[in-house]
Amino acid sequence: MRVFDIRDPFQPKEVAHFVPPPPEKMVDPRPNRPRVIQYNDCYVAPDGLMYVTDVNAGLTILQYKG
């Protein structure tokens with residue numbers, strides 16, 4: 001997950017990032033798939049909480065404190 005400050009759309013700045021640990025188990029049925037998180041969706045609530053989903057790891061909730 002990467003978070004950017006886009007107040008200046010001509011010079012976006014990365015202000016945060018999050019690299020999750022590998023999932024404990026794989027739901028992906030394809031053989032020899034790497035154990036990595038692949039976020040599918042991200043919803044940022046008005047209170048700043050970020051809800052991200054992954055097929056293998058489920059739901060992760062993040063909070064940006066900037």
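Values computed for the structure shown
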| read-out | value |
| --- | --- |
| Subset of the range 26-42 that is more than 18 Å from the chain's Cα centre (by Cα) and among the basic types (K, R) - its residue that is nearest to Q63 (Cα to Cα) | R33 |
| Residues of the range 44-57 that turn out to be surrounded by 10 or more Cβ atoms within 10 Å (Cβ to Cβ) and either out of contact with any strand residue (DSSP E or B) (no Cβ under 8 Å at 6 or more places or on another chain) or of a type in the set (S, T, Y) (or both), as a count | 4 |
| Pairs with Cβ under 7 Å, 6+ apart, first in the range 1-20 and more than 15 Å from V44 (Cα to Cα) and in a loop (DSSP other than H, G, I, E, B), second of a type in the set (D, E) and at pLDDT 90 or above | P12/D5 |
| Sole residue being within 23 Å of K65 (Cβ to Cβ), of a type in the set (V, I, T) and out of contact with any helix residue (DSSP H, G or I) (no Cβ under 8 Å at 6 or more places or on another chain), chosen from V15, V55, V27, V36 | V15 |
| Search result, residues across the range 21-43 that are assigned to a loop (DSSP other than H, G, I, E, B) and surrounded by fewer than 10 Cβ atoms within 10 Å (Cβ to Cβ) | P21, E24, K25, P29, R30, P31, N32, P34 |
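The values are calculated or read from the model by the stated rules, or taken from the named source; none is laboratory data. None of these values were measured; they are calculated from a predicted model. Don't worry about glycine lacking a Cβ; one is built from the backbone with ideal geometry, like all the others, and counts go over all protein chains shown.
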